[in-house]
Every structure is written in C-alpha cells, then in structure tokens.
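**Q** What follows is a single structure, and I will ask about it in a moment.
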2 protein chains.
Amino acid sequence: MLTTEELAQVCVVLVRARNPVNIGAAARAMHDFGFGRLRVVNQYPPPLEMARSAVDASEVIAHAVAFPNVAEAVADCTLVVGTTEVGERDLQHELLALSEAAVRMRAELRRGDGWTGRVAVLFGSEKTGLSNQELSHCDWLLTVPMHEHAGLRHASMNLGQAVAVCLYELVRDAPNDHLLDAPKAAEPAHAAGLERLTILLGEVLEQTEYARRHPANRDSEAHVRRLVRRMRLDAADLTVWMGILRQVLWKLGGNDEK
Amino acid sequence: MLTTEELAQVCVVLVRARNPVNIGAAARAMHDFGFGRLRVVNQYPPPLEMARSAVDASEVIAHAVAFPNVAEAVADCTLVVGTTEVGERDLQHELLALSEAAVRMRAELRRGDGWTGRVAVLFGSEKTGLSNQELSHCDWLLTVPMHEHAGLRHASMNLGQAVAVCLYELVRDAPNDHLLDAPKAAEPAHAAGLERLTILLGEVLEQTEYARRHPANRDSEAHVRRLVRRMRLDAADLTVWMGILRQVLWKLGGNDEK
C-alpha cells in the first residue's frame, strides 16, 4: 500500500471527459483507494457540479481543480504517464502494461532524497482517448491489457472502470493483511478429535446398516478415517459434527448419549 | 492470462443488481477482459434489455441468463466466491484479499485431469451487498482492499468498477501462481450436489431433534449450508455422504428411501 503522503502525490488528470457521470465515477474510485487529487482539463469549465453522483466522493470532487490545458495540469509533476489502448495510434512512446507501469510510478513516489516525486496519470476523452498533442506531455504510456476479440475493433474501457483498475493496481502492491480477519486463523482440529469423530461415524455406519449395504473392504475403518480427514475440519466444526453424530446415535436408540 | 477455455469457465453472477446501467457496465468489463458468462439473479425478471448501454458488450448481454435464486445460478459451479466489503458484517467465511483470491480461482480453472473447474463470482446489490443467506452459498469471500478513511463509514465500490477490478486481477499475470500446491486430482463437487446434501443434512437435524436441542438462529439453513461448504467435498465424497445421510434417514424410519 502507499502511505498517506504517497497517495497525496498522485494526480488523476481527466482530459476532455465529456460525461459528468464518468467524472463522478473516477472521483469515487479515487476515494475508494485513498487518492484525493483530481484535475480536470477542459477548454470550457467542466460540469463538475453535475459530477456529484459519486457516492462518498464529494470531497474528491470538491477539491477537484480545472485546468485549461494539459501543460498547466501537469506542471508540478515529476512523472507524467498517459493511458492508451494498444493499437489506438502510432505510438511514439514507450508503452508499459499496467502492472509494470505501477512499479515505476511507485518508485517515483518513493524516491525521497529530501524531495517528493509527483505523478500525473492522464485519461483521455471517452470517445477519442488522448490526442497526440496531449500524449506529447507524457514521459511514457501505460495500457490495461485487454482481451483481443477476433474480428472486432478493439473496445475501449469505460472511463470510470479504467481509473478504478489503474488505481487498484497502484495500491495493490502488498495488500494490507491487517484488514483481513479471523476466520482464516480458525484453530484446526487436532488429530485426537478427528479420531473421535472417525469412531463416532463408524458407529453411525454400523447402526444404520450402511456398512452392511456397502460391503466394506478390510480397511473400512481407514476408509472412514480418510473420509473424515478430507473434511479438513477446524476445531469448532469438529464439535458441531460430533454433536450431530451423537444426536443421530441417540435418536437411533442404540446409544446412551443424552 | 487465462486461456479461452478458462475464460469460458468463469461466471459473473450479479445478485439483485438494481440499476440496468450497472449490469451494462459489468457486461462491458467482462467483454473488455474476455469473459462471456453473465448470470443475473433477480426475483423478478431483470431489465436486461435496459442494460444495453454497454458499448461493445452486447454479445455478453445477449447471452446473459436470468435465474430466480443463487442456488440455481451457481448449480454447475465447482467454486463459488462471494465479494464483500471488509467490516460489512459478521463474517462466517474465510476472507481473502483480491490478489490472493485470484490465485486460488485460477488454480481451480486449471485443475485439469479431464474435467474442468467452473468458478462463480457473486456480486451483491448496490445498496446492501450479499445477504447472509446468499453468502452461505459461497466457499469463501474476497474483498478489494480499499482505503480506510478516518471517521467515515466505509465506502462501497461502484458495482461496475468492482467487477472491472476483480476481472482485471483474474487475468493479470501472477508470478506467484507456481507456488501453489499441486492441485488436488479429485473432481470437485458441484454446487447443485452440495445443495442436495445441505437439504439432506437439514432433514437429519430435524428428525434427530438436533435442531430442537440446538436452537437455530433464523438462518439455520444458511448455517447448514456453510457447514457443508466447509467440507470442501470432491464429487466422490459427496456421493458417499449422500449415501450415509440417506441411510440415516431410512433407518430413522422417517424417510422412504430404500
């Protein structure tokens, strides 16, 4: 994950976005992944106030800054990255897949020698992407690898989805494990408990005549044990299954369990 | 990247999606990353025809299938994964970050040995996510790690963006995949079979009065379903357990199984 300081050094720059809903969607993705610096480049003031559809992104939208051109929007950045579809046009730039691009962008944010790198990621308009003129402001380009559909012109990603995927990759690095919780840590069943369950299940098979109907090979106990082991029980579920089988035996009347 | 065959074995299941635009956005992300199997679970027929806003996703939408409930939507799947927000509710399931989850899902798609794993990824409604009842159909859950905003309720991702990010991660190259255990050779049980076992076990709990002695919470069926799912049965063991439970019911005399 990126630190708060690193997150604050990333600018998402939407160039000629046409649809306010997409600006809102981009802001929402930024909020989700902890980014806050949204810049919008439009010749005419963009309808930012119409972009407030974004749930929980109002702070991102509120702090969004409009610029009249790309040069001014990226002026304070130390690395400018353009996004593009593969095959979109003759590329004059180095082109990286998103995952490699993210490594480089994180490196830029972490250079630290007493100063801080600031990274701009440019997204073009929904219809035409970034123009060659706009791309010329970029150090290099990234692309989100997509599926090639035979015989079909290459699809472009939805703008909000492209922003979400790019920002996800940027923070993806080491997932913060502390967010993930306990069930994983469930205490496994011990062999002794599994053995008790094996014996109980064996009794159930005897008393229900299952064992007689499914003629056991010589190692039928081993069969039952392997069946139990393959359940991969944790300690809590072992207790549940013990209870169920005891209850079955009690109901069958062949056992003095209460 | 996944092969064409592997891509075809992934089902994106939208449960109670309310907004046709989001169904369209999910379909578009599926198209972008090469997936085609969209399933929509709604009590009433969903407005699929309203979801055609999705550019270039018309083929995905055209082949989308509507189901009345989660059980039927995942019946032919060997691995069922739910998506959730961290902290959304008390989790009964193992929870993995998306990147780890993708490794496991790819492993399921690549088990091979003459049969094919099929993976369902469930996304809940925009407002409420997946209910506990719906989650009980899942083997485990994944979450997209998001930023924790101090003092703010946790944002949920936009549905179309969540689908895009999850599918991106699934097709993203993961150098760590080779670290996974050699896949188990056994053919896994399908969800439809696990559902039959859930019902049988529920009958056993009823007839042995286990259910009465262990006062069930409201979602006792979901409890039983999760217990069954945690067994991680392969197809052969599923058959064995079905046989055992049928025999128990037969012996209890409350069932007309032979």
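The values are calculated or read from the model by the stated rules, or taken from the named source; none is laboratory data. Just so it is clear, the structure is predicted and the values come from calculations on it, not from any experiment. Because the Cβ atoms are built from the backbone with ideal geometry, glycine has one as well, and the counts that use them run over all protein chains shown. These area figures cover heavy atoms from the full protein model, side chains too; ligands, DNA and RNA do not enter into them. Shrake-Rupley method; radii C 1.70, N 1.55, O 1.52, S 1.80 Å.
**Q** Please calculate the 1.4 Å probe accessible area of B:SER99, with all protein chains present, and give it to the nearest 10 Å².
**A** 20
**Q** Which of the GluC sites (Glu not before Pro) across the stretch B:194-240 are loop residues per DSSP, with 13 or fewer other Cβ within 10 Å?
**A** B:GLU209
**Q** At a probe size of 1.4 Å, how large is the accessible area of A:ILE199, to the nearest 10 Å²?
**A** Using a 1.4 Å probe on the heavy atoms, I get roughly 100 Å².
**Q** Give, as a single signed number, the net charge of other residues whose beta carbon lies under 12 Å from the beta carbon of A:ARG229, with Lys and Arg counted +1 and Asp and Glu -1.
**A** Residues near A:ARG229 contribute +3 overall.
**Q** Restricting attention to the stretch B:61-111, which trypsin sites (Lys or Arg not before Pro) occupy a DSSP loop and are surrounded by at most 13 other Cβ atoms within 10 Å?
**A** Answer by residue number: B:ARG89.
**Q** Give me the accessible area of A:LEU159, 1.4 Å probe, in Å² rounded to the nearest 10.
**A** 10
**Q** What number comes out for the charge environment of B:GLY160, summing +1 per Lys or Arg and -1 per Asp or Glu over other residues with Cβ under 12 Å away?
**A** Summing Lys/Arg as +1 and Asp/Glu as -1 gives 0.
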